[in-house]
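Step one of this worksheet: look at the structure below.
Readers should treat all values here as calculations from the given coordinates under stated rules, not as data from a laboratory. Everything numeric here is computed off the predicted structure, so don't read it as measured data. Here the Cβ is made from the backbone with ideal geometry for all residues, glycine too, and neighbour counts use every protein chain on show.
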Amino acid sequence: MAQGKFISFEGVDGAGKSTHVGAVAQYLRDRGLHVVTTREPGGTPLGEKLRELLLHEPMHLETEALLMFAARREHIAQVILPAIQRGDWVISDRFTDASFAYQGGGRQLALDKLQSLERWVHADLQPDLTLLFDVPLEVARERLSSGRALDKFEQEKDDFFQRVRDVYLMRAHSFPSRIKVIDSTRPVAEVSAQVEQCVTALFDGQ
């Protein structure tokens, strides 16, 4: 049986990435693939409990990073790897690029600590494709002002989000074959077309 593929969706809060997860999953299912959609932090019963703590409880920045990777270890072991090994395609709303962007860029945790956690938790696993939905800071902020309650990350100040975006773009520059930047300021139909093009290339090249 052919091994499945792993796609992650990334971007600052308000970039619009979550809008496209379901569409990509359906696109792949229409091509006869079994697809698992999941999210981080979360994806497992334990991960979802940790998600509530991570999104709403104040904590030391190192505690936050450790809990993110603890949830990720469980996610990989219980969801991602079993799915890939049985030939399914996995779509995750965020993965480790988010830790480098949010805990590394936003919180300014030392890069070597995040790299050590990444090597420990998933030294041999990276997404086959990462779609980075990118928007300027002012667009992201406007999209977040919808009246719903914001989690602790969404409540951060502009300089935090600018650092998050900067690190995302730096990682896209460092890993251009994996991370594809999607200009999410455009109309949804145009964004969807670019997303579909990237996913089709992965599908055709498997």
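Membrane-span-like helices in the chain, defined here as complete DSSP H runs extending at least 20 Å along the helix axis by their C-alpha atoms with mean Kyte-Doolittle hydropathy no lower than 1.6, are absent; this is a sequence and geometry rule, not a statement about a membrane. Taking the Cα of Q85, stepping 7 Å toward and past its beta carbon, and measuring to each backbone N in the stretch 34-76: which are under 16 Å? Only 73-76 fall inside the zone, counting backbone N under 16 Å. Backbone amide hydrogens, once placed in the peptide plane, bring F6 within less than 5 Å of V90, D128, L129, excluding anything fewer than 5 places away on its chain.
The orientation-averaged projection of the convex hull spanning the C-alpha atoms of the stretch 53-156 amounts to 7.6 square nanometres. In the chain, the calculated helix contribution to ellipticity at 222 nm averages -15000 deg cm²/dmol per residue, counting -39,500 (n - 2.57) for every DSSP H run with n ≥ 4. Seen from all directions on average, the chain presents a Cα convex hull projection of 11.0 nm².
For a distance above 21 Å, tell me the whole-number percent of Cα pairs in the stretch 1-101 that qualify.
36 percent
Applying 1/(1 + (r/R0)^6) with r as the Cβ-Cβ distance of Q197 and A149 and R0 = 35 angstrom yields a FRET efficiency of 0.50.
Taking each of K49/K152; K17/K113; K5/K157 in turn, the alpha-carbon distance tops 25 angstrom for K17/K113; K5/K157. Spatially, the stretch 61-139 and the stretch 140-181 are offset by 14 Å when compared through their Cα centroids.
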